[in-house]
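The values are calculated or read from the model by the stated rules, or taken from the named source; none is laboratory data. Bear in mind the structure is a predicted one, so any value in this text is a computation, not a measurement. Using ideal geometry, Cβ is built from the backbone for each residue, glycine included, and neighbour counts are taken over all protein chains shown. Accessible surface areas use protein heavy atoms only, side chains included; no ligands, DNA or RNA. Shrake-Rupley method; radii C 1.70, N 1.55, O 1.52, S 1.80 Å.
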Amino acid sequence: MNAPGQYSKPAVIVHWMIAILVLVALPLGYYMTDLSLSPRKLQLISWHKWIGFTVLLLFIPRLIVRLTRPVPAPVDTMPGWQRAVASITHVVLYALIIGVPLSGWMMSSAKGFPVVYLGLVPLPDLVGKDEALGDLLKSAHELLTSGLLILVGLHIAAALKHHIIDRDETLVRMVPLLKR
Amino acid sequence: MNSKRLLAAALVSLILPLAGAGAYAAQPAGSFDQVLPAKNRIDFVFKQMNVPVKGHFKKANVNLVFDPAAPAKTTVRLDLDLGSIDAGSADANSEVVGKPWFDLKTFPTATFVSSSVKPLGGDRYEMTGKLTIKGKTRDVTTPVTVTQNGNTAAFDGGFTLNRLEFAIGDGTWSDTSIVADEVKVSFHVEAERRAAK
Ligand code: HEM
Ligand code: HEM
């Protein structure tokens, strides 16, 4: 496969759809858990689940795009250690894009709350109701979420560093609108 | 107390239970009225953002007299310990105790008292009665299926109640787009035949 200079259009679209949803789900998750039980909280939790499940759904086209479209090689000026860190980060981000919503969905099932996507489509329960398992999965969701938060932070910081300090093409390849 | 009176008292206390047994025998032979409390189940399902959430009550005191030969004479009384609720999660359990929901301090129990039972054919019946929750009384009607198995009978049924008619989930919680008004209640009670014992 010849490495192109750009991400393919579908790759860019699906990156940003997932990125936006994750960047909404994260703060929403932290905000809603701090609220005391109220109709508003129930509503926000439902929205959170729907957004999260959408991320899981979008992973499928994303994987297809990743496997079928060539990905640009890192910019030439990038040192080897940065390439290594970047590719590890990307692999872990992919893993978390599945792991975080999946743990959320499993937690919901274990706690006895089926997920009804958009309030319309009942999703199957991944595990039976089990209080102890529910608490465990809740910790898993929180742990994976913290990992996601840290990696996304690094990822964004790195993208901005490439753009502002290194002044290379890294960010532009993912944000074609920025093309100078 | 002299010894004669003691003897008389002893005799009376011996004979009284026998007289009681005689009274039992005089009852209609086939009444089921010995409720097996451990078998009682009161379950409910409500919808929260369209998500069905299951709950149940752990303590229900049921008194019933059911004679298959005279079903119209059936009487049922339920005293439900609302504090024994499991509303699906720890969060919900501590929430429903409060004023907007069951207001447990003022209304610790809910009651149901049957007013009529009519046979629908086979082992199916229709029971109507007064349900009182949170100081509000409403008529409810529920189908009941009776499954007799030797000297035990199981009573199963279910109906839908509208929580807002009982002011369950007042104030901000009355928004039915979050928690639906309809609550599906189902029950299972077992009783043994008294005469058989
Ligand atoms: C991209 C997807 C997702 C992200 C980024 C995300 C993020 C978060 C965050 C940050 C929290 C707060 C954790 C804490 O308090 O430390 C949270 C809580 C929660 N998440 Fe997610 N989540 C996602 C997907 C899902 C999905 C798909 C579900 C369920 C179907 C779900 C269900 C929950 C629930 C129920 C809580 C609250 C736990 C509680 O306090 O009891 N999440 N999520
Ligand atoms: C403002 C937020 C974000 C910016 C500016 C951004 C920027 C970028 C850029 C510039 C790349 C290309 C890297 C390269 O060419 O080597 C990229 C790739 C990637 N981004 Fe983001 N991103 C953001 C948010 C996110 C979020 C929230 C996630 C995941 C939850 C994410 C996951 C990924 C992944 C997995 C790749 C690797 C794509 C591949 O090569 O297969 N990004 N991002």
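A few remarks follow.
- Note on the range A:95-145: residues that are more than 7 Å from ligand 1 (Cβ to nearest atom), among the small types (Gly, Ala, Ser) and assigned to a helix (DSSP H, G or I) amount to 9.
- Residue in the range A:94-114 that is over 24 Å from A:GLY128 (Cα atoms) and modelled with pLDDT of 95 or more present: yes
- For the range B:33-50, taking the residues that are under 17 Å from A:LEU42 (Cβ atoms) and of a type in the set (S, T, N, Q), the one that is most open to solvent (accessible area, probe 1.4 Å) is identified as B:ASN50.
- Of the candidates A:VAL65, A:VAL55, A:VAL24, the single residue that is open to solvent by less than 20 Å² (accessible area, probe 1.4 Å) and out of contact with any Phe, Trp or Tyr (no Cβ under 6 Å at 6 or more places or on another chain) is A:VAL55.
- Considering residues of the range B:51-98 that are more than 14 Å from every other protein chain (Cβ to nearest Cβ), of a type in the set (D, E, K, R) and within 29 Å of A:LEU42 (Cα to Cα) only, the residue least open to solvent (accessible area, probe 1.4 Å): B:ASP81
- Matching residues in the range A:28-51 - criterion: being closer than 24 Å to A:PRO122 by Cβ, aliphatic (A, V, I, L, M) and more than 16 Å from ligand 2 (Cβ to nearest atom): A:MET32, A:LEU37, A:LEU42, A:LEU44, A:ILE45
- Restricting A:VAL71, A:VAL14 to those that are in contact (Cβ under 8 Å) with a residue 12 or more places away in the chain, away from chain B (no Cβ under 14 Å), open to solvent by less than 30 Å² (accessible area, probe 1.4 Å) and within 11 Å of ligand 2 (Cβ to nearest atom) reduces the list to A:VAL14.
- Hits in the range A:17-54 - residues which are within 11 Å of chain B (Cβ to nearest Cβ) and more than 11 Å from ligand 1 (Cβ to nearest atom): A:SER36, A:SER38, A:PRO39, A:ARG40, A:GLN43
- Hits in the range B:148-178 (condition: among the β-branched types (Val, Ile, Thr) and either closer than 21 Å to B:TRP101 by Cβ or open to solvent by less than 20 Å² (accessible area, probe 1.4 Å) (or both)): B:THR160, B:ILE168, B:THR172, B:THR176, B:ILE178
- Qualifying residue in the range B:115-129 (condition: touching a helix residue (DSSP H, G or I) at 6+ places or on another chain (Cβ under 6 Å) and charged (D, E, K, R)): no
- Selection status of A:ILE64, part of a helix (DSSP H, G or I), β-branched (Val, Ile, Thr), without any contact (Cβ under 8 Å) to a residue 40 or more places away in the chain and in contact with a helix residue (DSSP H, G or I) (Cβ under 6 Å, 6 or more places away or on another chain): no
- Residue list for the range A:74-104, filter: of a type in the set (Gly, Ala, Ser), within 15 Å of A:ALA158 (Cβ to Cβ) and within 10 Å of ligand 2 (Cβ to nearest atom): A:ALA86, A:SER87
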